[in-house]
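Below is one structure; the comments refer to it alone.
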Amino acid sequence: MMASSYSTKEEDGHQSGAPGPGGGVNAKSRKPDNTAFKQQRLPAWQPILTAGTVLPAFFIIGLLFIPIGIGLYVTSNNIKEYEIDYTGVDMSSPCFNCSQNYSWNSTKPCRCSVSFSLDQPFESNVFMYYGLSNYYQNHRRYVKSRDDSQLNGNLNALKDPSKECEPYRMNDGLPIAPCGAIANSLFNDTLELYYNDPNGTKTLIKLVKTGIAWWTDKHVKFRNPVGDGSNLSAVFQGTTKPVNWQKYVYQLDSDPDNNGFINEDLIVWMRTAALPTFRKLYRIIEKQGDATPTLPRGNYTLLVTYNYPVRSFEGRKRMILSTISWMGGKNPFLGIAYITVGSVCFFLGVVLLIIHHKYGSRSNNADISS
């Protein structure tokens, strides 16, 4: 009787809507529907890895990646680059006194000059970068310390900045424009480059300060508040400059198309770096003619107005001159990565081919001794 009762309950549990002992209807069954998806009967591709498919794949990847890697590596090495560290840590450095005595509270700028020579001429356009080391722009509090609405020209955000900008939101009861820790730490060293003629005279090299920011940043993300474009001081009336700045935001440039929130030096700085050692585009040296190189071989002088102290966080500052190619700036990592992956795949292909040639022909039906 017990077995018969159990069997009846089991059948009732699998039949939805079957009448129960009291004449009612049992609960619906939890059995999945009889569909291909719920019963896991969908067609699937299950590749069978054999020597005939794996070995050609390894060799093809190796034969493709190695030439591509060599091309990328050679292209990167053809890019000319020259770097100068002007931090002034060593006593023999021309900028040693500036690095020791200058701070954010200094009112008088400190100037130093660094001499160097180029052994090879730089053709086409030359890009001047400033580089910083041991500078963590990727810190969470630092990255959030900005007001994008204010930088986009919103008048309400201009007068009442976001709380994310604290403690660089207000100063002396006035809103800071632009607010936040990123803007407050704007890189403000001034770099000038001179070519030393053999006759003893120095020629100032023209540095272009526009065209260094992303187009979307310049024309979409950053905008000045609505007002008279030629009189930005009236637009920013009722605001104050960041604590560490020496100028107001409307005094960054005399060019109205490169002043205020649309100043390209500010825009470039506001795009934070992911690593503690980084470089940012500072100026462009445009080629003037086809007959002469942009930077000829010879002696040069870098005149630095030392406004940006880095000694407090043991940072380093440098100036980089670089050309570019179709793949961008100098970066041998991509070429090395392609060569490494291609070489490993080709080597594994050779090893697997030897193993397959030696052991693959053995019979799988060999008798097993008992």
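Here the range 24-44 is the region considered, the condition is being of a type in the set (A, V, I, L, M, F, W, C) and at pLDDT below 85, and the residue that is most open to solvent (accessible area, probe 1.4 Å) is Val25. Checked against the criteria, Ser5 does not count as farther than 30 Å from His357 by Cβ, open to solvent by less than 100 Å² (accessible area, probe 1.4 Å), at pLDDT 90 or above and of a type in the set (Gly, Ala, Ser).
One residue stands out among those in the range 249-267 that are open to solvent by 20 Å² or more (accessible area, probe 1.4 Å) and touching a Leu at 6+ places or on another chain (Cβ under 9 Å): the one that is nearest to Trp215 (Cα to Cα), which is Asp265.
Might you let me know whether the range 82-91 holds any residue that is surrounded by 10 or more Cβ atoms within 10 Å (Cβ to Cβ), under 30 Å from Tyr338 (Cβ atoms) and either in contact with a strand residue (DSSP E or B) (Cβ under 8 Å, 6 or more places away or on another chain) or at pLDDT 90 or above (or both)? Looking for residues that are surrounded by 10 or more Cβ atoms within 10 Å (Cβ to Cβ), under 30 Å from Tyr338 (Cβ atoms) and either in contact with a strand residue (DSSP E or B) (Cβ under 8 Å, 6 or more places away or on another chain) or at pLDDT 90 or above (or both), one finds at least one in the range 82-91, hence yes. I'd like to know if the range 93-103 contains one or more residues that are surrounded by 14 or more Cβ atoms within 10 Å (Cβ to Cβ) and touching an Asp or Glu at 6+ places or on another chain (Cβ under 6 Å). Within the range 93-103, none of the residues are surrounded by 14 or more Cβ atoms within 10 Å (Cβ to Cβ) and touching an Asp or Glu at 6+ places or on another chain (Cβ under 6 Å).
Annotation: Gly238 fulfils all but one of (1) on the phi < 0 side of the Ramachandran plot; (2) open to solvent by less than 40 Å² (accessible area, probe 1.4 Å); (3) not aromatic (Phe, Trp, Tyr); the unmet one is (1).
Give Thr272, Thr277 a once-over and let me know the one that is of a type in the set (Ser, Thr, Tyr) and open to solvent by less than 60 Å² (accessible area, probe 1.4 Å). Even if it seems obvious, please write down each step before you answer.
Numbers: Thr277 fails: open to solvent by less than 60 Å² (accessible area, probe 1.4 Å).
None of the others qualify; the one that does is Thr272.
Return yes or no: is Gly328 without any contact (Cβ under 8 Å) to a residue 60 or more places away in the chain, open to solvent by less than 80 Å² (accessible area, probe 1.4 Å) and closer than 26 Å to Tyr136 by Cα? The answer is yes for Gly328.
Taking the options Ser343, Ser363, Ser370, name whichever one is at pLDDT 85 or above and open to solvent by 30 Å² or more (accessible area, probe 1.4 Å). Write out each step before concluding.
Numbers: Ser363 fails: at pLDDT 85 or above; Ser370 fails: at pLDDT 85 or above.
Checking each option against the conditions leaves just Ser343.
How many residues does the range 104-115 hold that are surrounded by 12 or more Cβ atoms within 10 Å (Cβ to Cβ) and farther than 14 Å from Lys317 by Cβ? Before you say what the answer is, go through the steps one by one.
Start the filter on the range 104-115 by keeping residues that are surrounded by 12 or more Cβ atoms within 10 Å (Cβ to Cβ), which leaves 104, 106, 109-115.
The next check asks that each one be farther than 14 Å from Lys317 by Cβ; those that pass are 104, 106, 109, 111, 113, 115.
Here the count works out to 6.
Scanning the range 199-249 for residues that are in a loop (DSSP other than H, G, I, E, B), closer than 30 Å to Thr292 by Cβ and β-branched (Val, Ile, Thr) yields Thr201, Ile205, Thr210, Ile212. Gly71 meets the conditions (1) open to solvent by less than 70 Å² (accessible area, probe 1.4 Å); (2) within 22 Å of Arg316 (Cβ to Cβ); (3) not in a loop (DSSP other than H, G, I, E, B) in every case but one. The failed one is (2). Of Val114, Val126, Val143, Val74, all but one fail to be within 20 Å of Leu186 (Cβ to Cβ) and aliphatic (A, V, I, L, M); the exception is Val143.
Exactly one residue out of Lys144, Lys159 is of a type in the set (Lys, Arg), out of contact with any strand residue (DSSP E or B) (no Cβ under 6 Å at 6 or more places or on another chain) and either open to solvent by 30 Å² or more (accessible area, probe 1.4 Å) or over 22 Å from Thr272 (Cα atoms) (or both), and it is Lys144.
The values are calculated or read from the model by the stated rules, or taken from the named source; none is laboratory data. What you see is a predicted model, and the numbers here were worked out from it, not measured in a lab. All Cβ positions, glycine included, derive from the backbone under ideal geometry; neighbour counts span all protein chains shown. Side chains included, ligands, DNA and RNA excluded: accessible areas come from the protein's heavy atoms. Shrake-Rupley method; radii C 1.70, N 1.55, O 1.52, S 1.80 Å.
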